[in-house]
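Structure first, then comments.
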Amino acid sequence: GALPILEALDGLLHHDGDVTSAHALKLLAPTWYVHLFPRAADDPTLAGATAAPTEATQERRKRELNAFLREVSRQRPLVLFLDDVHWADPSSVDLLSYLAGKCTDLGLLIVLTYRPSDLWASQHPFGPIKLDLQGRGVCREISLPFLSRDDFDRYLDLAYAGHDFPDELAAVLYSRTEGNPLF
């Protein structure tokens with residue numbers, strides 16, 4: 001589990017070339033570090049981080065990630081973006097719930113996207129957690145409406161600057177998608 005979190009951490013560490021954050025991850029969250037840097041598993045200082053996952057190590061991973069995010073967000077505000085949460089596995093949802101309960105103490109904003117229909121139709125475990133977080137005032141939902149025809153035309157102009165698409169193409173695309181940005 002926790003694949004979305006791993007992808008977000010990978011983006012933070014690899015794409016930014018952030019040596020300070022990589023060092024903090026190695027010190028504060030070694031079980032996460034060995035997932036992102038598999039060659040590090042041979043490092044004797046990380047021997048405990050490669051143990052087989054158990055309930056105890058799941059709790060350890062939560063605490064480690066919290067400690068790492070606390071340290072990084074102390075240095076600068078941090079935004080953690082996770083897409084398509086309606087596909088997240090239960091362990092990832094559990095981790096999100098844990099982190100969301102700690103966000104008020106951190107310089108951290110977690111932004112999640114999901115399709116409400118998929119979330120509720122599948123009785124996804126994030127649904128009740130989202131409601132709980134909203135009840136505690138640590139979660140706010142921003143519903144995005146479908147695009148109007150004018151929005152759709154502006155999108156085409158921005159995405160394909162200088163295009164010479166016939167008006168009929170935009171009309172057909174809009175009617176097929178009904179303004180749903182996903183399609």
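For the chain, the Cβ-based charge dipole about the Cα centre amounts to some 900 debye (Lys, Arg positive; Asp, Glu negative; other atoms uncharged).
Using R0 = 22 Å, the C-beta based FRET efficiency linking Asp118 and Gln58 works out to 0.30. Subtracting the Cα-Cα distance of Tyr160 and Thr177 from 0.36 nm times their residue separation leaves 4.3 nm of extension gain. Applying 1/(1 + (r/R0)^6) with R0 = 25 Å to the Cβ-Cβ distance of Arg39 and Val19 gives a FRET efficiency near 0.95.
Given only helices, namely DSSP H runs of n ≥ 4 each adding -39500 (n - 2.57), what is the per-residue ellipticity at 222 nm of the chain, to the nearest 500 deg cm²/dmol?
-16000 deg cm²/dmol
Within straight cross-link reach of Lys130, meaning Cα distance under 13 Å, which aspartates and glutamates are found once same-chain residues fewer than 8 apart are removed? Leaving aside aspartates and glutamates fewer than 8 places away in the same chain, those within reach of Lys130 are Asp94, Glu141. Between Phe81 and Ile142, the contour length at 0.36 nm per residue exceeds the alpha carbon distance by 20.5 nm. One quarter of the surface of the convex hull around the alpha-carbon atoms of the chain equals 13.7 nm², the direction-averaged projected area. 3J(HN,Hα) couplings calculated from phi for segment 137-143 with the Karplus curve 6.51 cos²θ - 1.76 cosθ + 1.60 (θ = phi - 60°) are, in sequence order, x, 10, 9, 10, 9, 10, 7 Hz; Gly and Pro show x.
Every number here is computed from the coordinates shown, using simple stated rules; none is lab data. Small disclaimer: the values here were computed from a predicted structure and weren't measured. Quick reminder, even Gly has a Cβ in these numbers, built from the backbone with ideal geometry, and neighbours come from all protein chains shown.
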